[in-house]
Amino acid sequence: MEIYPEKYDQLELTSNERSFLRTVGRAFDEDELGYYVLHINPRKIGLEGGKPELFNLLICKEGLLLLRFFNIDNVNVAKTTIELNVQRGVFDKIEDDICEKLKGSRYLLDFSGELLFNFNICFVFPEIESSQILSLLTSEEKTFAGNHILFKDTILAVRKEGGSVLKGYISRRNFIEEKIINNIFQRLCPEITIARKYILNDDATVSTCDVVLDGTDRSVLSYRLDASQINIVNKIKKGDQLILACAGSGKSVLLISKCFKLASLNPAEDFLITCYNRNLNNYYQWAIVQAGFLNRNVKCQTFFGLLGHLLDSNHIPKPAMRKHNGDSSEYFNALFEIANDALAKGRIKERFTGIFIDEIQIFKPEWYRFCFNLLKNKCPENHFFIIAGDKSQDIKNHIKSGKAPWQGNGEGYPEYRGKTLPIEINYRNSKPINDAVDKFVEKAKGFGERIGADLSSDPELFLRGTAYREGNSPEIIELRDFSNEGEAEAICNAVKNLIETKDISEVDIAIILYNRKGCNYIPGWKNKFYELLEPLKNLFEKNRWEEPAVLISNEDARATFGSRKGVTITTIEGALGLDFRAVVLAGLRPLGGREGLIKIGDFTRATSEKQENYKRNINLIYTGCTRAKDELSIILSARRGESVYMDLIRDSMGDND
């Protein structure tokens with residue numbers, strides 16, 4: 001039998017729950033399928049005093065048992081509990097809610113739309129013998145007790161006779177198979193699973209805004225967190241916590257899992273997940289819908305979306321875009337200034353018990369401080385303030401002189417010395433991709449030394465994790481036709497190869513561009529302006545592929561992470577926090593052009609500004625490459641000697657590295 005979490009000492013279990021856990025472990029020790037999940041709140045509701053409605057979940061081949069413990073020794077209280085559930089329909093409501101919850105996954109249904117298996121809900125009275133109470137019950141209540149109550153003597157029978165006693169509470173319909181276990185977990189305890197988009201048919205779409213899931217929303221593949229990830233989730237305690245780890249280590253997964261767990265255990269408290277990237281936020285919103293937290297106690301917004309919401313909900317006017325001549329950067333700065341001033345003056349009322357910030361390296365220090373000030377209680381014993389990031393993905397260059405947004409904010413703000421949680425496993429990238437990225441980083445560090453750009457002294461920069469999955473080495477594709485149409489065709493050929501040769505579905509492929517267009521003239525480029533999006537769309541239409549999901553700001557407001565049906569087209573910035581089975585990294589020709597740092601000669605007499613720009617461009621390539629799980633193709637759109645960055649890729653990932 002597998003127990004979740006494995007290190008359950010971190011949970012506040014009663015002595016009766018611990019004793020029962022040992023009993024169940026022995027009773028199902030030799031069963032080929034057995035799981036026991038502690039302290040879940042599948043209905044996401046709170047009871048009197050804001051306490052969660054906690055169950056322990058037992059899964060065996062015969063079906064499911066949801067066990068709710070009542071640590072009472074007063075017979076009259078137990079009798080009243082039974083009466084309440086029988087006469088007032090309380091139990092029926094719980095049963096109906098759980099049934100609907102499970103029916104939210106099509107993988108758990110038969111052809112008629114009914115559950116493939118049976119489940120039962122049982123109340124556990126470990127301090128009361130059945131003989132003490134049965135004579136006091138009505139006939140209807142006795143029947144209820146026989147079907148849904150585990151008494152002290154029932155538990156003793158389990159110890160003597162084994163799991164057959166508990167299996168007797170389940171009317172078996174079909175045997176549960178291992179392949180649907182993750183889907184059961186995703187519906188009842190989503191904090192130990194990762195939801196992945198899965199396309200069923202040509203008409204499939206997933207909505208992130210509807211409260212009721214449609215048939216396609218239910219078509220979600222679920223993957224279980226491993227024991228070490230679940231233990232990390234449970235290791236995160238009250239107070240302030242920094243998670244620093246490499247790309248692919250599952251930081252985002254751990255954040256949302258911990259948030260789900262806390263929101264489930266504290267249904268009367270509010271929790272916030274925020275990040276910079278709209279596409280990552282869309283993924284979070286989609287996952288929140290799948291987990292059943294929509295319109296409950298988990299709020300998820302981009303940082304600037306959060307600012308707008310806080311101003312709107314408190315009836316504070318937002319700045320007008322027209323006053324900033326359409327400059328989004330100026331507008332967002334003005335938006336922040338108004339919100340920050342309103343928060344300081346007490347005009348913003350919303351507060352949160354727990355705040356989770358992902359991709360914290362993208363945040364400015366003042367944004368970080370704003371979020372901390374949204375906590376309901378600043379005392380570490382009374383809040384959760386969890387931030388996660390990777391300095392190597394600082395694509396906005398907000399880390400100046402090695403100082404990160406969470407460092408040196410002064411009195412009243414968290415210090416993370418001794419509170420950094422490392423993750424040393426790379427769950428995303430295959431071993432060949434991980435090794436290739438390592439080689440690229442070493443080459444980049446070497447060139448950095450030549451120009452005075454220090455990429456080596458900070459131990460928190462380019463953290464690397466150990467990858468274990470086998471796979472293919474990155475494919476380096478040298479462009480022959482140096483034009484918009486030529487690069488677009490090379491990209492589409494790479495996509496076609498992934499679909500036809502590697503058997504990867506379109507929805508699992510992303511085209512990640514450094515830049516889809518450029519206004520400056522590029523020497524040797526056949527077109528006057530660099531523009532990849534339109535020729536890509538034309539080739540998709542020509543190949544009769546599914547229309548791509550363009551997750552690029554100001555391109556397609558309808559496209560979201562959850563609505564994807566075809567290949568994703570996004571930028572490196574837009575891909576932050578996301579991953580895909582296969583990535584085609586392209587659009588690199590303009591990299592460094594804005595700063596005039598493309599060829600080796602451009603770095604002569606390197607200034608501190610040039611060094612910082614070099615670091616940023618290396619971070620961009622690193623971020624783009626590490627989005628790929630199994631397949632990575634890189635289009636090199638400059639000849640050797642024409643781009644320092646593409647030469648570094650050649651020298652580290654090419655056939656002759």
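The values are calculated or read from the model by the stated rules, or taken from the named source; none is laboratory data. What you see is a predicted model, and the numbers here were worked out from it, not measured in a lab. Cβ sites come from the backbone with ideal geometry, for glycine too, and all protein chains shown count toward neighbours. Protein only, heavy atoms only, side chains kept; ligands, DNA and RNA dropped before computing areas. Shrake-Rupley method; radii C 1.70, N 1.55, O 1.52, S 1.80 Å.
Odds and ends about this structure:
- Condition met for Asp9 (farther than 24 Å from Asp270 by Cα, part of a loop (DSSP other than H, G, I, E, B) and not β-branched (Val, Ile, Thr)): no
- Contact map, segment 477-503: residues that are touching a residue at least 24 places away in the same chain (Cβ under 8 Å) and of a type outside the set (A, V, I, L, M) paired with residues that are open to solvent by 10 Å² or more (accessible area, probe 1.4 Å) and assigned to a helix (DSSP H, G or I), Cβ distance under 7 Å, separation 6+ or inter-chain. Pairs shown: Asn484/Pro535; Glu485/Pro535; Glu489/Leu539; Cys492/Leu539.
- When Ile509, Ile476, Ile504 are screened for being closer than 25 Å to Glu642 by Cβ, among the aliphatic types (A, V, I, L, M) and in contact with a strand residue (DSSP E or B) (Cβ under 6 Å, 6 or more places away or on another chain), only Ile476 passes.
- Which listed residue, of Glu140, Glu191, Glu127, is farther than 27 Å from Lys565 by Cβ, open to solvent by 50 Å² or more (accessible area, probe 1.4 Å), modelled with pLDDT of 80 or more and not in a loop (DSSP other than H, G, I, E, B): Glu140
- Candidates Phe293, Phe260, Phe336, filtered to the one that is more than 30 Å from Ile45 (Cβ to Cβ) and touching a helix residue (DSSP H, G or I) at 6+ places or on another chain (Cβ under 7 Å): Phe336
- Given (1) at pLDDT 90 or above; (2) crowded, with 19+ Cβ neighbours inside 10 Å; (3) not in a helix (DSSP H, G or I), index of the condition Thr154 fails: (3)
- Filtered residue count, segment 381-417, keeping only those that are touching a strand residue (DSSP E or B) at 6+ places or on another chain (Cβ under 8 Å), closer than 24 Å to Phe271 by Cα and open to solvent by less than 60 Å² (accessible area, probe 1.4 Å): 11
- The single condition among (1) within 24 Å of Ile184 (Cβ to Cβ); (2) more than 32 Å from the chain's Cα centre (by Cα); (3) open to solvent by 20 Å² or more (accessible area, probe 1.4 Å) that Ser15 does not satisfy is (1).
- Pairs meeting the criteria (first residue in segment 72-88 and more than 13 Å from Lys142 (Cα to Cα) and polar (S, T, N, Q), second residue open to solvent by 30 Å² or more (accessible area, probe 1.4 Å) and assigned to a helix (DSSP H, G or I), beta carbons under 9 Å, at least 6 apart or on different chains) are Asn76/Leu136.
- Residues of segment 250-276 that are out of contact with any Leu (no Cβ under 7 Å at 6 or more places or on another chain) and of a type in the set (Phe, Trp, Tyr): Phe260, Tyr276.
- Residue within segment 164-177 that is over 21 Å from Lys61 (Cβ atoms), out of contact with any helix residue (DSSP H, G or I) (no Cβ under 7 Å at 6 or more places or on another chain) and either of a type outside the set (Phe, Trp, Tyr) or without any contact (Cβ under 8 Å) to a residue 60 or more places away in the chain (or both) present: no
- Hey, Phe603 in contact (Cβ under 8 Å) with a residue 60 or more places away in the chain and within 31 Å of the chain's Cα centre (by Cα) or not: no
- Where Cys371 falls short, out of the listed (1) hydrophobic (A, V, I, L, M, F, W, C); (2) at pLDDT below 95; (3) open to solvent by less than 10 Å² (accessible area, probe 1.4 Å): (2)
- Residues (under 22 Å from Ile618 (Cβ atoms) and assigned to a strand (DSSP E or B)) located in segment 389-421: Gly389, Lys400, Lys403
- Whether a residue is out of contact with any Cys (no Cβ under 7 Å at 6 or more places or on another chain) and within 25 Å of Glu506 (Cβ to Cβ) was assessed, and Ser637 passes this test.
- When restricted to residues that are closer than 18 Å to Asn281 by Cα, in a loop (DSSP other than H, G, I, E, B) and either open to solvent by 10 Å² or more (accessible area, probe 1.4 Å) or in contact with a Leu (Cβ under 9 Å, 6 or more places away or on another chain) (or both), segment 348-363 contains 2.
- Scanning segment 47-86 for residues that are small (Gly, Ala, Ser) and within 20 Å of Glu17 (Cα to Cα) gives a single hit, Ala78.
- Residue count for segment 587-596, restricted to those that are in contact with a helix residue (DSSP H, G or I) (Cβ under 7 Å, 6 or more places away or on another chain) and buried (at least 21 other Cβ atoms within 10 Å of the Cβ): 3
- For the residues Leu58, Leu54, the requirement of being in contact with a strand residue (DSSP E or B) (Cβ under 8 Å, 6 or more places away or on another chain), over 23 Å from Leu116 (Cα atoms) and among the aliphatic types (A, V, I, L, M) singles out Leu54.
- Top-ranked residue in segment 36-63 [being assigned to a strand (DSSP E or B) and open to solvent by 10 Å² or more (accessible area, probe 1.4 Å); ranked as farthest from Ile3 (Cα to Cα)]: Gly46
- In segment 605-631, residue nearest to Ala453 (Cα to Cα) [restricted to those that are touching a helix residue (DSSP H, G or I) at 6+ places or on another chain (Cβ under 9 Å) and among the β-branched types (Val, Ile, Thr)]: Ile618
- Of the residues Val77, Val24, the single one that is touching a strand residue (DSSP E or B) at 6+ places or on another chain (Cβ under 8 Å) and either over 21 Å from Lys237 (Cα atoms) or part of a strand (DSSP E or B) (or both) is Val24.
- Any chance Ala339 is at pLDDT below 95 and either open to solvent by less than 70 Å² (accessible area, probe 1.4 Å) or closer than 30 Å to Ser264 by Cα (or both): no
- Answer residue from segment 389-430, given it is hydroxyl-bearing (Ser, Thr, Tyr) and touching a Leu at 6+ places or on another chain (Cβ under 7 Å) and is nearest to Asn613 (Cα to Cα) among those: Ser392
- You will find that of Phe69, Phe91, the residue that is within 23 Å of Val165 (Cβ to Cβ), at pLDDT 95 or above and open to solvent by less than 60 Å² (accessible area, probe 1.4 Å) is Phe69 and no other.
- Scan of segment 263-322 for residues that are surrounded by fewer than 17 Cβ atoms within 10 Å (Cβ to Cβ), part of a helix (DSSP H, G or I) and modelled with pLDDT under 85, ordered by number: Met321, Arg322
- Verdict on Ser207 being more than 16 Å from the chain's Cα centre (by Cα), part of a helix (DSSP H, G or I), of a type in the set (S, T, N, Q) and at pLDDT below 85: no
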